[in-house]
Every structure is written in C-alpha cells, then in structure tokens.
Amino acid sequence: MNIELIKGDITKIHADAIVNAANSSLLGGGGVDGAIHRAGGKQILEECILIRNRQGKCNTGQAVVTSAGNLPAKYVIHTVGPVWNDNEEESSELLSNCYKNSLQLAESFGIKTVAFPNISTGIYKFPKEKAGKIAVETVRNFQSEIIEKVIFVCFDDENKEIYKKILE
Ligand code: AR6
C-alpha cells in the first residue's frame, strides 16, 4: 500500500473513498463531518438515516459506508473517533480501530484508494502527535491485496508537519 500525504480539503479529493470523522449519531455535525455533508448533498444524510434505522447508532471505532453524493469520491466511509479522555490506552485502541475498520470496509467494497482526515484531532481533542503515530502505524500494519493507496489529508499545517516527520 502506498502512503501519500497532502494538505487540503478532503471533500475535494478524487479517491475511491474518503473517510468522515463522524459521531455515533451518523446524522452530521461540525468539522470535517459538516464539510462532507454540505459538499456532498442530502443523499449522504439519507443513506446515513437508513443505516441508523437498520442498525442503530455507530459505536466508537466502528465504520459504515455510504455513497458520496456530489463529491468527487465514490464512497464515504463514516467512522466514529474517540473523544480524548484520561484513559489513553482505551482512546488509542479505539482510534486505531477507526483506521482498521475503515480499511476493512474499504476492502470489502473493492476500494483501491482511501483518503483519511486526522480523525479525532479536532472537536474530539485527541493530541495530534499521538493520533498521527496511531494512524500511520495502523495503516502500515494493514496488509491488503486490494487497497493500493492511502492518502492522509491534513487540514492544518501542524498536522501536515507531524505526519511528515512520522512518515520519514
Ligand atoms: N478536510 C480535511 N480535514 C478537515 C476538514 C476538511 N474539510 N475540516 C476539518 N478537518 P473534526 P473530530 C480536520 O473536528 O475531532 C464533528 O462535529 C480538522 O482540522 O472534524 O473527530 C463530528 O460530527 C481535524 O484535524 O473531527 C463529531 O461530533 C480533523 O479534520 C466530531 O466533530 C478532525 O476534526 C468529531 O470530532
């Protein structure tokens, strides 16, 4: 799996799938979640509502998939990151699960390129450096015959620099 690092807006990325840092309601919110729903249009929310009706809320660390509405991507994988708290071990495992479960779901859809935002490092306050290390380690450890490329899309310079150092 190739790993690429860019700074930018994930809603503009032409990948088979972009990942959304959602919340367990799956019904939208602020940050990257708000941006994806705004740019993607109502189809994404309608599919999220169908998933909610079928399976209920999405637990932290789990992932679900919808189409991508008006976005250039084909799919949106919605995963729920952990809210940072004092239990570092638990938060770290849950964050790793977000990356793992998103990649597993991507594989099951035959997805070749996946773009990730820096899950949990905004409103959910996960320390950026710790989150970056977990993201890179989890992706590097994921063996796939299907996924060819993972793109880390950083929205801010700080995360971009952190990822650059980790990937070097
Ligand atoms: N493209 C790429 N990355 C972005 C974009 C964008 N358009 N916008 C923000 N980011 P956050 P969380 C970055 O807060 O911490 C929502 O309300 C941002 O700079 O979006 O997982 C959900 O509904 C940060 O580095 O997600 C949940 O309630 C990263 O995306 C809650 O926020 C994640 O920040 C989830 O919090």
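All of the numbers you see were taken from the coordinates with simple rules; none came from a lab. Just so it is clear, the structure is predicted and the values come from calculations on it, not from any experiment. Here Cβ is always computed from backbone atoms with ideal geometry, including for glycine, and neighbour counts include all displayed protein chains.
Regarding the stretch 76-83, can at least one residue be identified that is farther than 17 Å from GLY31 by Cβ and in contact (Cβ under 8 Å) with a residue 24 or more places away in the chain? Checking the stretch 76-83: not a single residue is farther than 17 Å from GLY31 by Cβ and in contact (Cβ under 8 Å) with a residue 24 or more places away in the chain.
For the stretch 121-128, the criterion of being within 14 Å of ILE18 (Cβ to Cβ), near the ligand (Cβ under 9 Å from one of its atoms) and among the β-branched types (Val, Ile, Thr) is satisfied by no residue at all. Within the stretch 141-161, the residues that satisfy the criterion of being in a loop (DSSP other than H, G, I, E, B) and under 17 Å from the mean Cα position of the chain (by Cα) are PHE142, ILE147, GLU148, PHE155, ASP156. Just need a number here: residues in the stretch 2-27 that are more than 6 Å from the ligand (Cβ to nearest atom) and surrounded by 17 or more Cβ atoms within 10 Å (Cβ to Cβ). So the count comes out to 8.
On the stretch given as the stretch 1-37, residues that are in contact with a Gly (Cβ under 9 Å, 6 or more places away or on another chain) and charged (D, E, K, R) total 1.
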